[in-house]
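The next block holds one structure in the form of structure tokens; read it before the comments.
Read-outs: derived from the displayed coordinates by stated rules, not from any lab. Every value quoted in this text rests on a predicted model; they were computed, and no experiment measured them. Cβ placement follows ideal geometry from the backbone for every residue including glycine, while neighbour counts extend to all protein chains displayed.
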Amino acid sequence: MELTILLSKVFGIYLIIAGLACLFRRKWFMSAVHSFVEEKFSRVVLAFAELIAGLFLIFTHNIWSSFAEGLVSLFGWMLAIEGVSYLFLSDRFVSKMIRFFNTKTWYIGGGIASLILGIYLARIGFGF
């Protein structure tokens with residue numbers, strides 16, 4: 001449970017910051033993500049970073065006993081799957097995926113969801 005507390009603190013603060021950034025800097029993110037397909041080196045670096053982070057989480061925290069533990073474990077699996085996807089999916093498919101998700105609605109919804117999950121995990125991690 002100590003590892004879950006630590007990771008809840010880290011992911012909680014991260015999700016709060018990321019959620020606020022998505023809500024307040026939405027246009028900037030949309031512009032940056034739009035160029036992601038053409039930036040092959042950035043995609044490779046991100047893919048390997050997500051894959052290694054995801055594998056570390058999977059092998060150190062693959063616990064599904066409670067909602068908080070499951071949420072932290074889910075992040076590990078999502079990171080690993082996204083990293084592998086960026087390495088193996090075609091540019092065309094990645095481009096379609098980005099066009100689908102890189103919209104105002106997704107950033108607002110994702111920002112709000114990120115804030116809610118971040119506050120939940122921070123409460124678990126910091127005990128308030």
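As a rough guide to protection, the peptides 21-29, 5-13, 37-45 ranked by mean Cβ packing within 10 Å, highest first, stand as 5-13, 21-29, 37-45. The label point for Ala21 and the one for Lys104, both projected 7 Å from the Cα toward the Cβ, are 2.3 nm apart. Across the chain, Cα-Cα pairs farther apart than 20 Å form 51% of the total. Based on C-alpha pairs under 8 angstrom that are at least 6 apart in sequence, the chain has a relative contact order of 50 percent.
The residues packed around Phe75, meaning those with a beta-carbon under 14 Å from its beta-carbon, carry a net charge of -2 if Lys and Arg are +1 and Asp and Glu are -1.
Note on the chain: with charges restricted to the Cβ of Lys and Arg (+1) and Asp and Glu (-1), its dipole about the Cα centre is near 520 debye. Scanning the chain for DSSP H helices at least 18 Å long along the axis (C-alpha atoms) with a Kyte-Doolittle mean no lower than -0.5 picks out 2-24, 40-60, 67-88, 104-126.
With an a/c value of 1.5 or above and a/b not larger than b/c for the gyration tensor axes a ≥ b ≥ c computed over the alpha-carbon atoms, the stretch 68-112 is described as oblate.
With Cα atoms defining each centre, the stretch 45-68 and the stretch 20-44 are spaced 23 Å apart in the structure.
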